[in-house]
Amino acid sequence: MPLDIFPYQEVGAAYIAQRQRAGLFDEMGIGKTAQAIRALDLRRLKRGIIVCPAVLRENWRGEFAKFSHLDRRICKGVTIHDFVAWSTGRYDVLITSYEMATKWAEKIGKLGEVLEFMIIDEAHYLKNPETSRTKALLGPMADGTGLVMWCEQAWWLTGTAIPNDPIDIYPFLRFAGVMPLSLEQFRKRYFSSRPKAFGSVQTPIKDMVTELQTLIRNHSIRRIKAEIGVELPPIFLTSALVDGDSIELRELLAMHPGLEKAVVRAVDAGGLSFLDAQHVATLRRLVGEAKAVPYAHMLLEELDAGLDKRVVMGLHRKALMDVRDILTRRGYHAVLVNGDTPEAERIAAVKAFQEDPRCKVFIGNIKAAGVGLTLTAACTLDMMESDWTPAGNAQAIMRVHRLGQTRNVTGRFITLARSIDETVNRVVAEKTAVIANIEGSAMNAAPAA
């Protein structure tokens, strides 16, 4: 028998079920997947497509098995063979990744079939209307002429509708069909820009805030845990310093005078395009590698002292593997999930961490393990390397702060002493605390001085 959902989830499901285009923006951990499946049941919709990060495909299939009251033939779209099987009617629902949906969008259009539904999960992946995936799914500048035009119902799911900048809401409003303005016209109507060194900060025009909020609220629903009576323990953000050394890091900084200050200004201003530069990426990798070993030894001391389970999040393969290898050599069972981890191994890693008392540490890449997973066996998560954006860090921390968590949660930013890492992490931690508080996560920031 399918599981029942909570009354507040019935409300969310009914809301989106009544709308052709709608957003479900509930805070992370409230259960958006279950609500979306319930909405499909309410409308008795069977034929459609679900687009989500690759790591969540299996999760969606499992959620259908748990919550759906209708018999749907589910296909996990990984290869072209899966697509063909679905497109020829052997399956009702195609659950696929953003990458594959982007590749297959044109093929789906050529089928000439009007699908009953499309669900876009972790929809903040479409925040930039100029990326190929946004164009494929929503059309040029999110004008509704992409894959979405072939779907009678289309719902937008994310717990971080505005990941880093207020203007990130633009693609959703275009998706909902209520924003006829171009991106530049939208910017001029609702925001004033304060130029900074590597970008600009969008500040809502005071007299236009109510109009913008009304547009968003008329086409989306958002609840935070406190509103619906879900009481989770508070989250505290802190920072821990580690000492490390890297000749390569010093050499890179010598080759690029002023690089450290430039990066800090870019993070503060939100000018993230600058941060994609190759020398900045190299700097970030070297910082991660420089602190991986001292951090691993600090974690070993804590484990030796009887520390309970710990989640570790980072970005770079070598840094994460260094931590895993050091723990393993000392006899600790640690699981590692990165972008190349096969789906079956990812599921097994989460299961081991959640259920096996011998599995002490879960090590994950922020992009591969920072969304969709439940890691409540731990109450502390270490951001060995943090995301540039507050939303990315909040998403990662919510892997621990979810339904089922009974202990106070600590998100700890691991910082390389006497380096750019100190300043960048302070800025990012403060921003993470702000966005988490706005979204109702009751975080308290206490970054290191």
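The values are calculated or read from the model by the stated rules, or taken from the named source; none is laboratory data. Everything quoted here is computed from the prediction, not taken from an experiment. Positions of Cβ are generated from backbone atoms using ideal geometry, with glycine treated the same way; all protein chains shown enter the neighbour counts.
Can you work out which of the residues in region 408-427 that are among the hydroxyl-bearing types (Ser, Thr, Tyr) and either closer than 19 Å to residue 281 by Cβ or more than 21 Å from the chain's Cα centre (by Cα) (or both) is surrounded by the most Cβ atoms within 10 Å (Cβ to Cβ)? Taking the candidates together, the pick is 415.
Within region 80-92, does at least one residue satisfy the condition of being under 19 Å from residue 24 (Cβ atoms) and either buried (at least 23 other Cβ atoms within 10 Å of the Cβ) or not polar (S, T, N, Q) (or both)? No, every residue in region 80-92 fails to be under 19 Å from residue 24 (Cβ atoms) and either buried (at least 23 other Cβ atoms within 10 Å of the Cβ) or not polar (S, T, N, Q) (or both). Residues in region 132-148 that are more than 22 Å from the chain's Cα centre (by Cα) and without any contact (Cβ under 8 Å) to a residue 24 or more places away in the chain: how many? Final tally of qualifying residues: 3.
Within region 366-384, which residues are among the charged types (D, E, K, R) and modelled with pLDDT of 90 or more? I'd like the intermediate steps shown before the answer.
Of all residues in region 366-384, those among the charged types (D, E, K, R) come to 367, 382.
If the condition is that a residue be among the charged types (D, E, K, R) and modelled with pLDDT of 90 or more, then 382 is the only one that fits.
Can you tell me which residue is surrounded by the fewest Cβ atoms within 10 Å (Cβ to Cβ) among those in region 123-147 that are in contact with a Phe, Trp or Tyr (Cβ under 6 Å, 6 or more places away or on another chain) and farther than 13 Å from residue 169 by Cα? Residue satisfying both the conditions and the ranking: 133.
Of the residues making up region 346-361, none is touching a Leu at 6+ places or on another chain (Cβ under 9 Å), modelled with pLDDT of 85 or more, farther than 21 Å from residue 299 by Cα and polar (S, T, N, Q).
Suppose we filter 62, 29, 48 for residues that are within 16 Å of residue 7 (Cα to Cα) and small (Gly, Ala, Ser); which single one remains? Reasoning before the result, please.
On the way: 62 fails: within 16 Å of residue 7 (Cα to Cα); 48 fails: within 16 Å of residue 7 (Cα to Cα).
After ruling out the rest, the residue left standing is 29.
For region 323-343, which positions are in a strand (DSSP E or B) and either closer than 20 Å to residue 385 by Cβ or among the charged types (D, E, K, R) (or both)?
We begin by selecting, within region 323-343, every residue in a strand (DSSP E or B); these are 333-337.
The answer is 334, 335, 336, 337.
If you go through region 24-33 and keep only what is within 19 Å of residue 116 (Cβ to Cβ) and in contact with a Lys or Arg (Cβ under 9 Å, 6 or more places away or on another chain), you end up with just 24. Can you tell me which residue is surrounded by the fewest Cβ atoms within 10 Å (Cβ to Cβ) among those in region 160-186 that are without any contact (Cβ under 8 Å) to a residue 60 or more places away in the chain and of a type in the set (S, T, N, Q)? The selected residue is 185.
Residue count for region 223-265, restricted to those that are farther than 30 Å from residue 278 by Cα and touching a Leu at 6+ places or on another chain (Cβ under 8 Å): 3.
Restricting 239, 192, 246 to those that are in contact with a Pro (Cβ under 9 Å, 6 or more places away or on another chain) and not assigned by TED's automatic domain parsing to the domain that holds residue 13 reduces the list to 239.
Picking from residues in region 240-251 that are modelled with pLDDT of 80 or more and not charged (D, E, K, R), the one that is surrounded by the fewest Cβ atoms within 10 Å (Cβ to Cβ) is 240.
Residue count for region 114-165 satisfying the condition of being assigned to a loop (DSSP other than H, G, I, E, B), closer than 24 Å to residue 87 by Cα and not charged (D, E, K, R): 5. Inside region 79-113, residues that are without any contact (Cβ under 8 Å) to a residue 12 or more places away in the chain and outside any helix (DSSP H, G or I) make up a count of 4. Note on region 6-50: residues that are in contact with a helix residue (DSSP H, G or I) (Cβ under 9 Å, 6 or more places away or on another chain), in a loop (DSSP other than H, G, I, E, B) and surrounded by 19 or more Cβ atoms within 10 Å (Cβ to Cβ) amount to 6.
If you go through region 278-330 and keep only what is more than 29 Å from residue 407 (Cα to Cα), in contact (Cβ under 8 Å) with a residue 40 or more places away in the chain and among the β-branched types (Val, Ile, Thr), you end up with just 287. Here region 418-435 is the region considered, the condition is being basic (Lys, Arg) and part of a helix (DSSP H, G or I), and the residue that is modelled with the lowest pLDDT is 431.
Before we move on, is residue 222 in contact (Cβ under 8 Å) with a residue 40 or more places away in the chain and over 25 Å from residue 59 (Cα atoms)? If you could, list the steps in order and put the result at the bottom.
On the way: in contact (Cβ under 8 Å) with a residue 40 or more places away in the chain: yes; over 25 Å from residue 59 (Cα atoms): no.
The answer is no for residue 222.
Among what's in region 189-210 and is outside any strand (DSSP E or B) and surrounded by 13 or more Cβ atoms within 10 Å (Cβ to Cβ), pick the residue that is modelled with the highest pLDDT. My answer is 189. Examine region 333-340 for a residue that is at pLDDT below 95 and over 25 Å from the mean Cα position of the chain (by Cα), and state whether such a residue exists. Checked region 333-340: no residue is at pLDDT below 95 and over 25 Å from the mean Cα position of the chain (by Cα). For region 344-389, the tally of residues that are in a helix (DSSP H, G or I) and more than 22 Å from residue 289 (Cα to Cα) stands at 12. The set of residues in region 214-249 being in a helix (DSSP H, G or I) and touching a helix residue (DSSP H, G or I) at 6+ places or on another chain (Cβ under 9 Å) consists of 215, 216, 248, 249.
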